[in-house]
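Colleague: I have a structure I would like to understand better, so I am pasting it below and will then ask my questions one at a time.
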Amino acid sequence: MADLRARFAGIELRNPFLLASGIWGESGTSLKGAYEAGAAGVISKSIGSAPRSGYPNPTVEEYGRFGFLNAMGLPNPGIEEYPREIAIARAAGVPVIGSVFGGDATEFAALASKMADTGVIALELNLSCPHAEGFGSEIGQDPKEVEAVTRAVVAAVRIPVIAKLTPNTADVVELARAAERGGASAVSAINTVRAIAIDVRLRRPTLSHGMGGLSGPSIKPIGLACVWQIADQVKIPIVGVGGIETAEDALEYIMAGASAVEVGTAVAFGGISVFGRLVADLSRLLDELGIATLSDAVGAARAGSAPPAG
């Protein structure tokens, strides 16, 4: 049986599958449930300095098997309230990565310090939400801001820092390089792709906010391309994100250069049981391909890798 353990940024996990931020992570109980279903670790909701209600409904448009278009507006209870949810998950032995968002480097650092105090194993910096004014990709599209935020957070904490990158940019590689210069232990690629839908009968956008972020299977080729571009340009590991529904999807990201992967929209469609299926299917797939350990598959599709035997 293949060894599925994933190692990156000083973290070792029982398999490469992480619950993505923003899906199923509203409470400590839901985080605990994802881990018990098979996820190796969970990423919290993105948490800010103060409670935030987000945008009014409608905030989600479903596109069947293609994914979701959403503009939630980063709703969250704030950093003073959310630690109690993390405590519930930690008490059950769940490896939790805390996600934070802020308006500038100073706010990010203050939030990160408070999140680190909750006992999370790492931090993911939301530098990539495509629809929240003053946050996310409005900061994360600028390599100088990415570097400054990352550097400030790294100086404020003693746990691994993962910068989550936006695909809504002219050069995702430069964002990854900026995160690396700032001291990030890893990058995750990608967050949702900026998108919009129009209701022709109402003659207005389907989402209350207008512009949103597209997730799910339709963005997998974009996420893969970003991981592929980044992998030989930085020395830090990559967490692949975007459209992972099957073990084959996950292995594509891993062979492109990712050391672990995040699963989000598939959970929204199929519930947390998807983790158990993904783990079992990936184990079988690696055995079928004659790959003994997950680490042997990381980057296997890149130029210069040996062709399969036979």
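The values are calculated or read from the model by the stated rules, or taken from the named source; none is laboratory data. All figures in this text were calculated on a predicted structure; none of them were measured in a lab. Glycine gets a Cβ as well: all are built from the backbone with ideal geometry, and neighbour counts include every protein chain shown.
Colleague: Do you know which residues across region 229-249 are within 22 Å of Ala2 (Cβ to Cβ) and in contact with a strand residue (DSSP E or B) (Cβ under 9 Å, 6 or more places away or on another chain)?
Modeller: Ala231, Pro237, Ile238, Val239, Gly240, Ile244, Glu245, Asp249
Colleague: Please go through region 258-282 and pick out each residue that is of a type in the set (D, E, K, R) and within 17 Å of Leu31 (Cβ to Cβ).
Modeller: Of everything in region 258-282, just one residue is of a type in the set (D, E, K, R) and within 17 Å of Leu31 (Cβ to Cβ), namely Glu262.
Per-residue answers, yes or no, for (1) among the charged types (D, E, K, R); (2) within 21 Å of His209 (Cα to Cα):
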| residue | (1), (2) |
| --- | --- |
| Ala39 | no, no |
| Lys45 | yes, yes |
| Arg52 | yes, yes |
| Arg65 | yes, no |
| Met72 | no, yes |
| Pro75 | no, yes |
| Pro83 | no, no |
| Arg90 | yes, no |
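Colleague: Just one of Ile254, Ile272, Ile219 is more than 23 Å from Ile11 (Cβ to Cβ) and touching a residue at least 24 places away in the same chain (Cβ under 8 Å); which is it?
Modeller: Going through Ile254, Ile272, Ile219 in turn, just one is more than 23 Å from Ile11 (Cβ to Cβ) and touching a residue at least 24 places away in the same chain (Cβ under 8 Å): Ile219.
Colleague: Additional query: If you scan region 185-218, which residues turn out to be β-branched (Val, Ile, Thr) and within 16 Å of Asn168 (Cα to Cα)?
Modeller: Once the filter is applied, which keeps residues that are β-branched (Val, Ile, Thr) and within 16 Å of Asn168 (Cα to Cα), region 185-218 yields Val187, Ile190, Thr192, Val193, Ile196.
Colleague: Looking at region 195-225 only, could you name the residues that are among the basic types (Lys, Arg) and within 16 Å of the chain's Cα centre (by Cα)?
Modeller: Of everything in region 195-225, just one residue is among the basic types (Lys, Arg) and within 16 Å of the chain's Cα centre (by Cα), namely Lys220.
Colleague: Here's something else I'd like to know. Collect the residues in region 268-295 that are out of contact with any helix residue (DSSP H, G or I) (no Cβ under 6 Å at 6 or more places or on another chain), closer than 22 Å to Lys45 by Cα and surrounded by fewer than 23 Cβ atoms within 10 Å (Cβ to Cβ), keeping them in residue-number order.
Modeller: Ala268, Phe269, Gly270, Gly271, Ser273, Gly276
Colleague: A further question follows. Go through region 40-59 residue by residue and tally those that are modelled with pLDDT under 90 and touching a helix residue (DSSP H, G or I) at 6+ places or on another chain (Cβ under 9 Å).
Modeller: Qualifying residue count, region 40-59: 0.
Colleague: While we're here: Could you say whether any residue in region 272-295 is within 22 Å of the chain's Cα centre (by Cα) and within 27 Å of Arg181 (Cα to Cα)?
Modeller: Within region 272-295, one or more residues are within 22 Å of the chain's Cα centre (by Cα) and within 27 Å of Arg181 (Cα to Cα).
Colleague: Evaluate the following for Ala260: is it at pLDDT below 95, crowded, with 16+ Cβ neighbours inside 10 Å and closer than 18 Å to Ile43 by Cβ?
Modeller: no
Colleague: Here are Ser99, Ser137: which of them is among the polar types (S, T, N, Q), surrounded by 21 or more Cβ atoms within 10 Å (Cβ to Cβ) and at pLDDT below 90?
Modeller: Ser137
Results for (1) closer than 21 Å to Asn70 by Cβ; (2) modelled with pLDDT of 95 or more; (3) acidic (Asp, Glu), shown as yes or no for each residue.
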site	(1), (2), (3)
Val173	no, yes, no
Gly182	no, yes, no
Arg194	yes, no, no
Pro205	yes, yes, no
Met211	yes, no, no
Lys220	yes, yes, no
Ala225	no, yes, no
Trp228	no, yes, no
Asp232	no, no, yes
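Colleague: How many residues, within region 158-192, are of a type in the set (Val, Ile, Thr), within 23 Å of Glu12 (Cα to Cα) and surrounded by 24 or more Cβ atoms within 10 Å (Cβ to Cβ)?
Modeller: 4
Colleague: Hey, could you check region 21-75 for residues that are more than 24 Å from Ile121 (Cβ to Cβ) and of a type in the set (Asp, Glu) and say which is surrounded by the most Cβ atoms within 10 Å (Cβ to Cβ)?
Modeller: Ranking the candidates gives Glu61 first.
Colleague: Related question: Out of the residues in region 1-28 that are under 29 Å from Arg52 (Cα atoms) and not aliphatic (A, V, I, L, M), which is nearest to the chain's Cα centre (by Cα)?
Modeller: Step by step, filter region 1-28, then rank; the result is Ser21.
Colleague: Next up: Starting from region 65-84, take each residue that is free of Cβ contacts under 8 Å to residues at least 60 places away in the same chain and list its partners that are in a loop (DSSP other than H, G, I, E, B) and buried (at least 21 other Cβ atoms within 10 Å of the Cβ), counting only C-beta distances under 6 angstrom and pairs at least six apart or across chains.
Modeller: That search, which allows pairs on different chains as well, returns Asn76/Gly48.
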